[in-house]
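To start, the structure itself, in structure tokens.
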Amino acid sequence: MRIGSSIVLIAIGAILAFAVADIVDFIDLTLVGYILMGVGVLGLIISLVMQAPRNTRRVTESRSVQDPNTGETITRNETKDGGTTGL
């Protein structure tokens with residue numbers, strides 16, 4: 001379930017719970033509205049948690065080497081982005 005469908009469920013649930021005054025013998029529309037709103041809120045929370053940025057590992061390595069002929073110091077920097085490691 002994505003964010004848009006969660007918001008639609010919340011909206012339909014709110015309409016059924018608060019705006020519909022019809023009486024149906026075999027079903028309580030207010031309860032159905034509350035259930036739809038609850039499912040929509042739960043789906044919205046799950047969607048937001050799933051889209052949260054993950055912790056990534058960044059490794060930075062620096063090497064310095066001195067050229068024996070000229071005496072010049074050469075520095076090389078490397079940065080690597082890696083995925084999360086499971087513990």
For a quick check of your reading of the filter: which chymotrypsin sites (Phe, Trp or Tyr not before Pro) in segment 10-40 sit in a DSSP loop and have no more than 10 other Cβ atoms within 10 Å?
Phe26
Compute the helix-to-body angle for 3-14: its Cα long axis versus the longest principal axis of the chain, expressed 0 to 90° and rounded to tens.
20 degrees
Taking only the alpha carbons of segment 1-76, the radius of gyration and the largest Cα-Cα distance, Dmax, both in angstrom, are 28.8, 95
So, with +1 on the Cβ of K and R and -1 on the Cβ of D and E, and no other charges, what is the size of the charge dipole of the chain about its Cα centre, to the nearest 20 debye?
360 debye
Which of the listed residues, Val65, Leu44, Ala19, is farthest toward the dipole's positive end in the chain, when Lys, Arg count +1 and Asp, Glu count -1 at the beta-carbon?
Val65
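So which trypsin sites (Lys or Arg not before Pro) in the chain are both in a DSSP loop and have at most 14 other Cβ atoms within 10 Å of their Cβ? Walk me through the numbers on the way to the answer.
Working: sites: Arg2, Arg54, Arg57, Arg58, Arg63, Arg76, Lys80; in loops: Arg2, Arg54.
In loop regions of the chain (DSSP not H, G, I, E or B), the sparsely surrounded trypsin sites (Lys or Arg not before Pro) are Arg2, Arg54.
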Å² of accessible area per residue within the chain, as computed with a 1.4 Å probe and no ligands counted
84 Å²
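The values are calculated or read from the model by the stated rules, or taken from the named source; none is laboratory data. Here the structure is a predicted model, which means the values were calculated and not measured. Don't worry about glycine lacking a Cβ; one is built from the backbone with ideal geometry, like all the others, and counts go over all protein chains shown. Each accessible area value is taken on the protein alone, full model and side chains, heavy atoms only, with ligands, DNA and RNA left out. Shrake-Rupley method; radii C 1.70, N 1.55, O 1.52, S 1.80 Å.
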